[in-house]
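The values are calculated or read from the model by the stated rules, or taken from the named source; none is laboratory data. Source: prediction; values computed, not measured. All Cβ positions, even for glycine, are placed from backbone atoms using ideal geometry, and neighbour counts span all protein chains on display.
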Amino acid sequence: MRNIITIPFNSQDSLIIASDNSGAIGMKEDDFVRAPYETVAYYSFRVAVMECIAAGGQPISVVLHNFCGNEPWDELVRGIQKGLSELKLKNVSITGSTESNFTFMQSAVGLIVLGKKSTNQTTLETYSNQMKIAVVGLPLVGSEVIDQHDEVAPLSIFQEICMMDGVMTWPVGSKGILSELNQMFPIEGFSREKVITTVDVLKSSGPATCFIAVYHAGQEERLMKIAGGFFHSIQIGK
C-alpha cells in the first residue's frame with residue numbers, strides 16, 4: 001500500500017500523512033456491508049495508522065470525515081479510540097467534520113492519520129536470498145473481516161514487529177500480497193508462480209487485515225513468537 005506523503009519540516013523531522021476511506025459499509029439500509037460504525041471507524045483507522053507506523057511515523061493526530069450523519073459521530077470516535085488503545089497511544093488528538101446539510105443513502109467515512117517521523121527509514125529496493133518474508137494475518141475483505149475477525153493481525157502485534165531492528169513491514173491492501181511485494185521490490189517483478197505460500201497472494205486484504213514482514217533469518221524465531229498463529233511463511237522460488 002504505502003499510500004503516504006512525507007513532508008520534511010526541518011532538518012531532522014518530517015510529517016507523515018496517511019489516509020483511508022470506506023463507502024457503503026455501515027448501518028444504512030442501502031449499505032452493501034452492514035457493520036456498526038465503531039467497527040467501520042476502527043478498520044479505517046487501522047489502515048491509515050498502519051501505513052503511518054510502517055513508514056516510520058509516530059501518530060500525533062487523527063482527522064475524521066463523517067458522511068454517515070450526526071448520530072454516528074460518537075460511535076465513530078470510539079472506533080478510533082479502540083485502535084489507539086490497542087497501540088497504547090496517548091495524547092493523540094481526534095478532530096474532524098460531519099456532513100449534516102445533506103443525507104446520504106449509504107455510509108461513507110474518510111480518515112487521515114498524521115504522524116511525526118524523526119529518523120530516516122531504510123527502503124529496500126532489491127531482494128536477496130538472505131532475506132526472509134512472512135505474512136502476518138490473512139487477507140480478508142467485506143463481511144469476512146467481521147466473520148473471521150480472529151484471523152485479522154492485531155495492531156499490537158504489528159506495532160511490536162515494527163519496533164524490531166532491521167525489519168521492514170508493509171500493510172497489505174485491496175490489490176493483495178503479490179502486488180505489495182512488487183511495490184516493496186519493484187526491480188524483481190515477482191510472478192504468482194514464484195511466490196510460494198499457503199496464503200492467497202492475489203486476494204484483497206481489505207482494511208489491512210494482514211501485513212508483510214521482511215527480516216533476517218536470525219530474527220525468525222522472535223518474529224514467529226510475536227506473531228504466533230498469525231505467522232505465514234513466504235518462499236521465493238527460483
### Query
Taking region 57-69 as the search range and keeping residues that are of a type in the set (Gly, Ala, Ser) and in a loop (DSSP other than H, G, I, E, B), which one is surrounded by the fewest Cβ atoms within 10 Å (Cβ to Cβ)?
Gly69
## Note on the structure
Checked region 70-99 for anything modelled with pLDDT of 95 or more and in a loop (DSSP other than H, G, I, E, B); matches are Asn70, Glu71, Pro72, Leu87, Lys88, Leu89, Val92, Glu99
### Pairs with Cβ under 7 Å, 6+ apart, first in region 47-63 and not assigned by TED's automatic domain parsing to the domain that holds Pro8, second outside any helix (DSSP H, G or I)
none
### Summary
Expected output for region 94-109 (first residue more than 21 Å from Ser61 (Cβ to Cβ), partner in a loop (DSSP other than H, G, I, E, B) and among the polar types (S, T, N, Q), Cβ below 6 Å, 6+ apart or cross-chain) is Ser100/Asn70
### Message
Only one of Thr126, Thr95 is farther than 25 Å from Lys203 by Cβ, of a type in the set (Val, Ile, Thr) and not assigned by TED's automatic domain parsing to the domain that holds Ala48. Can you tell me which?
### Response
Thr126
### Query
Quick one: is Ile16 under 25 Å from Ser156 (Cα atoms) and more than 16 Å from the chain's Cα centre (by Cα)?
no
### Test: Val167 is under 30 Å from Ser11 (Cβ atoms), of a type outside the set (Ser, Thr, Tyr) and in the same structural domain as Ala48 (by TED's automatic domain parsing)
no
### Task
Being assigned to a helix (DSSP H, G or I), over 14 Å from Ile157 (Cα atoms) and touching a Ser or Thr at 6+ places or on another chain (Cβ under 9 Å) is the filter here, so list the residues in region 42-56 that pass it.
Tyr43, Ser44, Val47, Ala48, Glu51
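Let's see how each residue does on (1) crowded, with 20+ Cβ neighbours inside 10 Å; (2) modelled with pLDDT of 95 or more:
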| residue | (1), (2) |
| --- | --- |
| Arg2 | no, no |
| Ser11 | no, no |
| Ser14 | yes, no |
| Gly26 | yes, yes |
| Asp30 | no, yes |
| Arg34 | no, no |
| Tyr37 | yes, yes |
| Ala41 | yes, yes |
| Ser44 | yes, yes |
### Task
Can you give me the number of residues within region 18-41 that are assigned to a strand (DSSP E or B) and within 22 Å of Ile146 (Cα to Cα)?
9
